[in-house]
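The values are calculated or read from the model by the stated rules, or taken from the named source; none is laboratory data. Quick caveat: nothing in here was measured; it's all calculated off a predicted structure. Note that each Cβ is placed from the backbone with ideal geometry, even for glycine, and that neighbours are counted across all protein chains shown.
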Amino acid sequence: MYKNLRGRPGAVLAAAAVAQFVLALDMSVVNVALPTIRDALGFTPLGLSWVVHGYALAFGGLLLLGGRACDLYGRRRLFALGLGVFGLCSLAGGSAQAPWQLVAARAGQGLGAAAAAPAALAMLTTTFPEGRARTRALGVWSAVNAAGGALGVLVGGLLTQYAGWRWVMLVNLPIVAAALVLLPADADAGADADAGAGAEAPTTGRKDPDVLGALLATGGIGLLVFGVLRTDTRGWTSATTVSTLAAAVVLLAAFVVTESRAAAPLLRLGLLRSRWVAGANVLVFLAAAGQFSAFYFVSLYLQQVLGLGAAATGAAFLPFSAGLVAGTVVATRLTAVRSPRAALIPGALLAAAGLAWFACIRVDGGFLTDVLGPALLTSIGTGLVLAPVAAAATTGVAPQEAGMASGVFNSARQLGGCVGLAVLATVAAHRTGQATGPAALNAGYATGLAVGAALFLLAGAVAIALLPRRRAAATTVPAAVPAPNRPKDRTPS
């Protein structure tokens, strides 16, 4: 499998890391510019929320489909296509003259990201064999991903203040171009022979996509994201929210039934019986909820309570970036010689301690006294979690299902951030009540950060309870493939 790639694994890693950086950057870089965008294009308050919601809906709703598509049609092809769409839509967004044009461009970015993100992770898992090589590659990928999310606040603040809001979209173009230039032509060498082998019906050689499963998954996840996102204006108990979430549950239940019977499923349910896959996806769901809440509430605290501007707020997030990178470096070295549990458990506990420290923020506080220490503790712990969790989620997964596993992992992370942030924002708003003063806002943000700490504690408990103490001995072959049709094992010893 790795024969034709061994000479260029560094190029595959570089392309995947640069792509993940721009996708992570885009999730936070736009947020700082929202007030300026509102004034420039004449958005209504509800319309402005769709600059964020349009991206989240398309990205979260299509990740499973994107992951499976890269198994069936080629990881390199989907990676390049997704990044191309993402770049073109970034250009369209930076050139938007009306609100609907920007919202459409953001949805297009989400569509491109839903193809590129699982393809990038799948290319890494099929290029680097399980063990130290894959752990180190995924450590670099995770560090770049974390740094992109943290630096997005800084980049967004600087660009908005000194270059104009359009550059928060246009900045993506040179990064996308760099990723495409770095992508080697043989990035899919050996993968085409495996694509679809573990998910096709044994009696055919066709690569028929699971259309019904794709429609149900996309509709179910899309409605779930939509219902959660709208709680900021509708509330959790409103008829709109309840009916939307109920429809999402119905569609997702139908998806599970469909996948259990499909000849070529979008998601082979047996994949989730792996303790590595199931445990890592539950863990990343919880960790993403805690991480997103930290970024969100600390950003609001700096601006709404301490009174910092956009650029200064962005600069205050530099310790987050440094800590995330440091945590991933330590986790990569630790996981290379031990089980991912060795980094995941202490990392989750460290992040929980940092967020609990953050929950002590004061109205009359400052950056050095209330932000720097807990930011370093939280980010180092988060880095210890994010680096090995991707490796854990792909441990024991057959090469022909790498895209499927990557789609599930990215979906869990995206949904965790979306659902967790919506829930914690509701908790914070309930604590704040109708008051708008700094003291009330501070109390709400502190409560949200305290709940975030509890989520990381729960993530640590999941790692202890679900993740095996030792790695899987070898790459597994999907149960759906009968013995005569199983692909030859080309995993190097």
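Summary table
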read-out	value
Flag if G157 is over 26 Å from D188 (Cα atoms) and in the same structural domain as V385 (by TED's automatic domain parsing)	yes
Failed criterion for G220 (all others in (1) touching a residue at least 40 places away in the same chain (Cβ under 8 Å); (2) surrounded by 19 or more Cβ atoms within 10 Å (Cβ to Cβ) hold)	(1)
Filtered residue count, segment 35-55, keeping only those that are farther than 16 Å from S95 by Cα, out of contact with any Gly (no Cβ under 8 Å at 6 or more places or on another chain) and not in a loop (DSSP other than H, G, I, E, B)	9
Selection within segment 288-302 - at pLDDT 85 or above and more than 19 Å from the chain's Cα centre (by Cα)	V298, L300, Y301, L302
Single condition G403 does not satisfy, out of (1) crowded, with 24+ Cβ neighbours inside 10 Å; (2) modelled with pLDDT of 90 or more	(2)
Residues of segment 421-431 classified as buried (at least 23 other Cβ atoms within 10 Å of the Cβ) and at pLDDT below 85, total	1
Residues (crowded, with 17+ Cβ neighbours inside 10 Å, of a type in the set (A, V, I, L, M) and under 24 Å from the mean Cα position of the chain (by Cα)) located in segment 82-103	L83, V85, A92, L102, V103
Residue match in segment 357-368 (condition: part of a helix (DSSP H, G or I), touching a helix residue (DSSP H, G or I) at 6+ places or on another chain (Cβ under 7 Å), in contact (Cβ under 8 Å) with a residue 12 or more places away in the chain and not aromatic (F, W, Y))	no
Which listed residue is in contact with a Gly (Cβ under 6 Å, 6 or more places away or on another chain) and surrounded by fewer than 21 Cβ atoms within 10 Å (Cβ to Cβ), from L355, L376	L376
Residues being part of a helix (DSSP H, G or I) and either surrounded by fewer than 17 Cβ atoms within 10 Å (Cβ to Cβ) or small (G, A, S) (or both) - total across segment 305-323	10
Filter result for A116 (hydrophobic (A, V, I, L, M, F, W, C), at pLDDT below 90, assigned to a helix (DSSP H, G or I) and under 26 Å from S293 (Cα atoms))	no
Every residue from segment 324-346 that is buried (at least 24 other Cβ atoms within 10 Å of the Cβ), part of a helix (DSSP H, G or I) and touching a residue at least 60 places away in the same chain (Cβ under 8 Å)	L324, G327, T328, A331, T332, T335, L344
Number of positions in segment 23-54 that are within 14 Å of D232 (Cβ to Cβ) and modelled with pLDDT of 85 or more	1
Residue match in segment 286-294 (condition: in a helix (DSSP H, G or I), over 23 Å from A343 (Cβ atoms) and not charged (D, E, K, R))	no
Close pairs from segment 383-402: first closer than 27 Å to P319 by Cβ and in the same structural domain as T135 (by TED's automatic domain parsing), partner of a type in the set (K, R) and in a helix (DSSP H, G or I), Cβ under 7 Å, at least 6 apart	A391/R134
Which numbered condition N4 misses (of (1) at pLDDT 85 or above; (2) polar (S, T, N, Q); (3) outside the structural domain of T125 (by TED's automatic domain parsing))	(1)
First in segment 97-111 and farther than 14 Å from G47 by Cβ, second anywhere and modelled with pLDDT under 95 and among the hydroxyl-bearing types (S, T, Y), Cβ under 8 Å, 6 or more apart	Q109/Y55; G110/Y55
In segment 205-230, the residues that are among the aliphatic types (A, V, I, L, M), at pLDDT 85 or above and touching a Leu at 6+ places or on another chain (Cβ under 6 Å)	L216, A217
So L251, is it in contact with an Asp or Glu (Cβ under 6 Å, 6 or more places away or on another chain), surrounded by fewer than 23 Cβ atoms within 10 Å (Cβ to Cβ) and free of Cβ contacts under 8 Å to residues at least 60 places away in the same chain	no
Boolean, V282 is in a helix (DSSP H, G or I) and surrounded by fewer than 20 Cβ atoms within 10 Å (Cβ to Cβ)	yes
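Residue-by-condition table, conditions (1) without any contact (Cβ under 8 Å) to a residue 12 or more places away in the chain; (2) under 26 Å from Q161 (Cα atoms); (3) of a type in the set (A, V, I, L, M, F, W, C):
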site: P265; (1), (2), (3): no, no, no
site: R268; (1), (2), (3): no, no, no
site: G279; (1), (2), (3): no, no, no
site: A289; (1), (2), (3): no, no, yes
site: Q303; (1), (2), (3): yes, yes, no
